[in-house]
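*Asks:* Attaching a single structure in structure tokens format; questions to follow.
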Amino acid sequence: LRSPALPHDVIVQTPTEKELLVAACHFGHPRPKWNPKMAAYIYGTHKGIHIFDLSKTREHLQLVCDALARLQTEGKTVLFVSTKQQSIPLIEHMGEVLGQPVVTKKWIPGLLTNWPTLKRRLQYYLDLRRSFQTGEVTKYTKKEQTELRKKLTKLDSALSGVSSMNGLPQALFVVDAVRDNVAVKEANKLGIPVYGICDSNADPDEFTACIPANDDAVKSIVLLLQTVENAMTEAKSAKADPAREKAAA
């Protein structure tokens, strides 16, 4: 499928409903734990578990891919967030391939809403890292170097994924909007568009556009994130290839 709104020769291969089914994208949470605002995306229940309407999952996956591919083409920053263990390797891989920032450890409160302060902390981290890379750190005593190494290790865990950010991102993508709700709320407060997976226990109103689907099963997460990555990678490739751009014009 190709969205007519997308520039360049960007092709988004959206999984079929059968592929979504095989990947367990249709399973929501037990009925007592659901968010009633998700009613429009629910097909029914099976043994007390909400089942997503996969035709709508597929439709909204396409919409999210189109939006993110467009942002990638325009050179915008999309911050990928997930502290959910089973998705961390996938998110980190996406950040590396797409050249986008990621948060996979604990979300730092104020990362968005208190950006000026976090920016100074980030600069300190970058300067400290550079001092170790250049050997400048040797001007300190061994005891001081040990303390600085401890600080660097701690900062590296918290900030390495966002070290390329020069300002606020143009969008946020979240895998689990309930688990990482602080990130979602900060983005909402600043009017930063939010995209991501919205399970049956989450609030779809917190998203600019969401993918109604299972955000727990590994197969579901892998399929959805791979689809998003492919769409954004294709957009990145199209932008970098003048011949393709000329042919698509």
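*Asks:* When the accessible area of the chain is computed with all protein chains present and a 1.4 Å probe, what percentage of it is carbon and sulfur? Each step should come with its number before you reach the end.
*Replies:* Details: 6710 of 12500 Å².
Reported share for carbon and sulfur atoms: 54 percent.
*Asks:* Identify unpaired cysteines across the chain, taking unpaired to mean no other cysteine Cβ lies under 4.7 Å from the residue's Cβ.
*Replies:* Within the chain, the cysteines lacking a partner Cβ under 4.7 Å are Cys25, Cys65.
*Asks:* Calculate how steeply helix 218-240 sits against the longest principal axis of the alpha-carbon atoms of the chain, using the helix alpha-carbon long axis, and give the answer as 0 to 90 degrees to the nearest 10.
*Replies:* Here the helix axis deviates by roughly 70 degrees.
*Asks:* Based on Cα coordinates alone, diagonalise the gyration tensor for the stretch 50-175, multiply each eigenvalue by 5, take square roots, and list the semi-axes in whole Å, largest first. Don't skip to the answer; put the middle values down first.
*Replies:* Numbers: eigenvalues 248, 47, 31 Å².
With the √(5λ) rule applied to the stretch 50-175, the semi-axes are 35, 15, 13 Å.
*Asks:* Compute the whole-percent fraction of alpha carbon pairs in the stretch 28-119 spaced more than 19 Å apart. Show your work: numbers first, answer last.
*Replies:* Working: 2590 of 4186 pairs.
Cα-Cα pairs of the stretch 28-119 separated by over 19 Å account for 62 percent.
*Asks:* Quick check for you: with a 1.4 Å probe and neighbouring chains kept, what is the accessible area per residue of the chain, in Å²?
*Replies:* On the way: 12500 Å² over 249 residues.
Each residue of the chain exposes 50 Å² on average to a 1.4 Å probe.
*Asks:* Could you work out the mean projected area of the convex hull around the alpha carbons of the stretch 113-249, in square nanometres to one decimal? Numbers along the way, then the final one.
*Replies:* Working: hull surface 49.1 nm².
With the hull built on Cα positions only, its mean projection is 12.3 nm².
*Asks:* So which chymotrypsin sites (Phe, Trp or Tyr not before Pro) in the stretch 124-226 are both in a DSSP loop and have at most 15 other Cβ atoms within 10 Å of their Cβ? Let's see the in-between values first.
*Replies:* Details: sites: Tyr124, Tyr125, Phe132, Tyr140, Phe173, Tyr195, Phe207; in loops: Tyr140, Phe207.
Counting only loop positions with at most 15 other Cβ atoms within 10 Å, the chymotrypsin sites (Phe, Trp or Tyr not before Pro) in the stretch 124-226 are Tyr140.
*Asks:* Let me ask something else. Counting just the Cα atoms, what span does the stretch 174-218 cover along each of its three principal axes? Round to the nearest Å and put the largest first.
*Replies:* 31, 17, 15
*Asks:* Something else: Can you tell which of Glu136, Glu92, Glu74 shows the greatest fluctuation in a Gaussian network model of the chain with Cα springs below 10 Å?
*Replies:* Glu136
*Asks:* Taking a cut-off of 16 Å between Cα atoms, list the lysines near Lys106, but don't count ones fewer than 8 places away on the same chain.
*Replies:* Candidates past the 8-residue exclusion: Lys84, Lys154, Lys185.
*Asks:* For the stretch 91-138, count the residues as N, evaluate 2.2 N^0.38 Å, and divide the Cα radius of gyration by that value, please. It would help to have the intermediate numbers written out before the result.
*Replies:* On the way: Rg = 13.5 Å, N = 48, 2.2 N^0.38 = 9.6 Å.
That works out to 1.41 for the stretch 91-138.
*Asks:* Which residue, Lys105, Lys151, Lys143, has the most motion in a Gaussian network model of the chain that connects Cα atoms within less than 10 Å?
*Replies:* Among Lys105, Lys151, Lys143, the largest mean-square fluctuation in the Gaussian network model of the chain belongs to Lys143.
*Asks:* Sort Thr104, Thr146 by accessible area with a 1.4 Å probe, largest first. Can you show the working numbers first?
*Replies:* Working: Thr104 10, Thr146 70 Å².
The ordering from most to least exposed comes out as Thr146, Thr104.
*Asks:* Note the direction-averaged projected area, equal to a quarter of the hull surface, for the Cα convex hull of the chain, in nm².
*Replies:* Working: hull surface 61.9 nm².
Computed as one quarter of the Cα hull surface, the answer is 15.5 nm².
*Asks:* Can you give me the three principal axis dimensions of the stretch 15-81 from its C-alpha atoms, in Å, biggest first?
*Replies:* Result, largest extent first: 45, 25, 19 Å.
*Asks:* Angle check, please: helix 115-134 long axis (alpha carbons) against the longest principal axis of the chain (alpha carbons), in degrees 0 to 90, nearest 10.
*Replies:* Relative to the chain, helix 115-134 is tipped by roughly 60 degrees.
The values are calculated or read from the model by the stated rules, or taken from the named source; none is laboratory data. Everything numeric here is computed off the predicted structure, so don't read it as measured data. Methodologically, a virtual Cβ is constructed for each residue, glycine included, from the backbone with ideal geometry; neighbour enumeration extends over all protein chains shown. Ligands, DNA and RNA are excluded from the accessible area calculation, which covers all protein heavy atoms including side chains. Shrake-Rupley method; radii C 1.70, N 1.55, O 1.52, S 1.80 Å.
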